[in-house]
Amino acid sequence: MRLLVITYYWPPAGGPGVQRWLKTSKELKKKGVDVEILTLDENSATYPLKDVSLVLETENITVHKTKSINWFHSYQNITRRKEVPFSGFANQAGKPGPLQKISRFIRGNFFLPDPRKGWNRFAVKEAIILHAKKPYDAIITTGPPHSTHLIGKALKRRINCLWFADFRDPWTDIYYYRQFYPTFLARHYDNHLERSVLRKSDMIITVSNDLKRILNNKVPEVPKDKFLEIPNGYDPEDFSKTKTTSRNETFTLVYAGTLTLDYPVESLYSSLKIILNKSSNSLSLKIAGRPAEECVKYLYELSNRYSNFQFESLGYISHQKSVKLMESSDMLLLLIPDLPNNKGILTGKIFEYIGSGRPIWGFGPKDGDAQDILQECKAGELHDLPKSAAFALENHMNKAVEGASKIQRKKYTREGLAQKLLNQLLEKIDH
């Protein structure tokens, strides 16, 4: 089988979106699939995060790169910012200024579905050339950016092969969509693009059951068996072979990933204060990633107010260092954004947390997909009230708690998820 994966994000880009197809491609190759990647040259790309350490994992994968038009240079000139926004504007939290409002409005109404569509015509041309030389059995497009799916849509018209569209996040239902100030016409056009991808692709892959439900509701005429749930997973090779059982001198809570004001940070603050006011035990919180400045500021204020609380913001670190940080924790903090349609939010972080074998504690919908998986793996639990969360965390601090065992978490290895995808590919090709 020959497979072409079309993805905007590829090493040296960083983040869980990169790892999803980097790891899956490696596992598919082990199973005999001839996987090739089509991406763009990093000099033409705009990556909110970079992780050069991931480049080493691409050595045995054939990668084709094209150039692209980079619209973000104009954004940086307008806003006078060196950084581009990422993951719900975590680096632009708080009330946006006039220039930010203007730039967001332009992006949300004139660059649909997103500014990274400047890559599309180059990618379509390259894919056609590659297919003519040695045909592919199937292509997979992965988004965000969801403009990548329009590459698959164009190729579906031009070449004879299957097309799978992989949704790592919602499109028009993503939690920060309205922060682009889309007009009625913009929303209508974006919804039209989204539905056209859902209708014309041969299969839709989603990262969660709830996202599958949301997308299927947009096109109720499409059969339910066209939707396939392949969650993010973890690679056992990233983690230590031996499990560390010793606890830190100060009970250490670790959070890795994005943190914006849309996350249940107020509930976190309240639960921490309950514990710090009544407990003589010391607590340390370490955050790795790009948290909103407002979140970090308040946590530093807490550490100044309470002598038994230590806080450290480590900034963005490589995936390798992030894994080591998780393994060094006593407990991992998981926060699901407090927004509509959050029941289906399953970030790559959840599965890496499970893969680390450390117990998980945090806030999120108690009837959501994340909670179901944590309970299935016996890896921890999410709370919706600060008091119950504080009570649970205090119990963990006083008594060592185990995380998910290797047997319980095996279902979510990259190898197992790649096999699930391969089975569907073979079934589609046979038909």
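Both radii were evaluated on the Cα set of the range 146-261; the Rg over Rh quotient, with Rh as the Kirkwood radius, amounts to 1.12. The slack in the chain from Ser307 to Asn160, taken as 0.36 nm per residue of separation less the alpha-carbon distance, amounts to 46.4 nm.
Between Lys406 and Asp173, the contour length at 0.36 nm per residue exceeds the alpha carbon distance by 80.4 nm. Using R0 = 41 Å, the C-beta based FRET efficiency linking Ser318 and Lys387 works out to 0.65. Altogether, the Stokes-Einstein calculation at 25 °C and 0.890 mPa s, with the Kirkwood radius of the range 236-411 over Cα pairs as Rh, returns a diffusion coefficient of 151 µm²/s. Along the axis of the charge dipole computed for the chain (Cβ charges of +1 for Lys and Arg, -1 for Asp and Glu, origin at the Cα centre), the listed residues His64, Val323, Val35 are led at the positive end by His64.
Projecting label points 7 angstrom from Cα along Cα→Cβ for Lys273 and Gln419 puts them 5.0 nm apart. Basic side chains Lys and Arg get +1 at the Cβ, acidic Asp and Glu get -1 at the Cβ, and with that the dipole of the range 236-411 about its Cα centre reaches some 540 debye. Taking the Cα centre of the chain as reference, the dipole from Cβ charges on Lys and Arg (+1) and Asp and Glu (-1) amounts to some 960 debye.
Candidates Val296, Thr250, Ile275 compared by Cα position along the dipole of the chain: farthest toward the positive end lies Val296, with charges placed on Cβ. Among Lys273/Lys366; Lys30/Lys65; Lys343/Lys410; Lys133/Lys200; Lys321/Lys343; Lys30/Lys343, which pairs are too far apart, with a Cα-Cα distance over 27 Å? The answer is Lys321/Lys343; Lys30/Lys343. Taking amide hydrogens as placed 1.01 Å from N in the peptide plane, the amide H of Tyr263 sits under 5 Å from those of Asp338, each at least 5 positions away in sequence or on another chain. Among 116-128, 168-180, sorting by the average number of other beta carbon atoms lying within 10 angstrom of each residue, highest first, gives 116-128, 168-180. Setting aside same-chain residues fewer than 8 positions from Lys297, which aspartates and glutamates have a Cα under 14 Å from its Cα? Qualifying aspartates and glutamates at Cα under 14 Å: Glu266, Glu312. Bridgeable lysines around Lys29 (alpha carbons under 18 Å apart, same-chain partners fewer than 8 residues away excluded): Lys134, Lys420. Along the range 299-308 the Karplus relation, 6.51 cos²θ - 1.76 cosθ + 1.60 evaluated at θ = phi - 60°, assigns HN-Hα couplings of 5, 5, 5, 4, 5, 6, 7, 10, 6, 9 Hz to successive residues, with x for each Gly and Pro. Distance between the pseudo-spin-label points of Lys378 and Glu59 (7 Å out from Cα toward the beta carbon): 3.9 nm. For Ile205, the residues whose amide H sits under 5 Å from its own are Ala165, Asp166, Phe167, Leu228, ignoring neighbours fewer than 5 places away on the same chain, with H placed 1.01 Å from N. Calculated mean residue ellipticity at 222 nm for the chain: -12500 deg cm²/dmol, from DSSP H runs with n ≥ 4 weighted as -39500 (n - 2.57), summed, divided by the residue count and rounded to 500.
FYI, it's all coordinate maths here, none of it is from the lab. What you see is a predicted model; the values in this text were computed from it and never measured. Ideal geometry is used to build each Cβ from the backbone, glycine not excepted, and the neighbour counts take in all protein chains shown.
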